[in-house]
Amino acid sequence: MPTALEDLLDLIRDALLAGDLARLAGLESRVAAEADRIPALDAVSARRLQRKASRNAGLLLAAGRGLRAARDRMADIAAGPGLSTYDSHGRKSSLGGPGQALGRF
C-alpha cells in the first residue's frame, strides 16, 4: 500500500516530466513532513520508496541541466551575433567580436 510520501514523490515525478516546475513549490516541505511521520516499513516498501526517491533525484538533476542550458543559450542570444567554433573537446571558443577584423577581406 503506497504511503503519503510515495504519493508526494509521484506528484514530483509528474511535475518534472511535465516541465511544470511551479508545481514543485511547497512540495519539499510536505515531503520533509511526511518523511518525519513515516512508519516502519517492510523491506519491499522501503525498496519501492528508495527507487522512487532515486528516480526523482535523477529527474531533478536532468531538470537542473536543462535550466542551465536554457540560461546559457539565453545569454548567448543576448550577447548578439558573433562567430564561434568548437574545439576537439566540445568547448566553445569565440572568434573575435563585433567590429573586430578577422583577417583581410
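Just so you know, all these numbers are worked out from the coordinates, no wet-lab data involved. As the structure is a computational prediction, the values presented were derived from the model and not from experiment. For neighbour counting, all protein chains shown are included, and Cβ atoms are generated from backbone atoms with ideal geometry for every residue, glycine included.
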Principal axis dimensions, largest first and in whole angstrom, of the stretch 1-40 by Cα | 33, 21, 8
Considering the values (i) 47, 15, 9; (ii) 22, 19, 10; (iii) 27, 16, 11, which represents semi-axes √(5λ) of the Cα gyration tensor in Å as calculated for the structure under consideration?
-> (i)
What is the extension gain from Glu28 to Ile77, computed as 0.36 nm multiplied by their sequence separation minus the C-alpha to C-alpha distance, in nm to one decimal?
-> 14.3 nm
Name the longest site-free stretch of the chain, where the excluded sites are trypsin sites (Lys or Arg not before Pro) in a DSSP loop with no more than 14 other beta-carbon atoms within 10 Å.
-> 1-90
Using Cα pairs under 8 angstrom and six or more residues apart, how large is the relative contact order of the chain, in percent?
-> 22 percent
In deg cm²/dmol, rounded to 500, what helix-only [θ] at 222 nm does the chain give when every DSSP H run of at least 4 residues adds -39500 (n - 2.57) and the total is split over its residues?
-> -21000 deg cm²/dmol
Compute the acute angle (0 to 90°) between the alpha-carbon long axis of helix 27-37 and the principal axis of greatest extent of the alpha-carbon atoms of the chain; round to the nearest 10°.
-> 30 degrees
Kindly express, to the nearest 10 degrees and within the range 0 to 90, the angle between helix 43-79's C-alpha long axis and the longest C-alpha principal axis of the chain.
-> 20 degrees
In degrees between 0 and 90, to the nearest 10, how far off the longest principal axis of the chain does helix 4-18 point, with axes built from Cα atoms?
-> 20 degrees
FRET efficiency, Arg91 to Leu67 (Cβ-Cβ, R0 22 Å, nearest 0.05) | 0.60
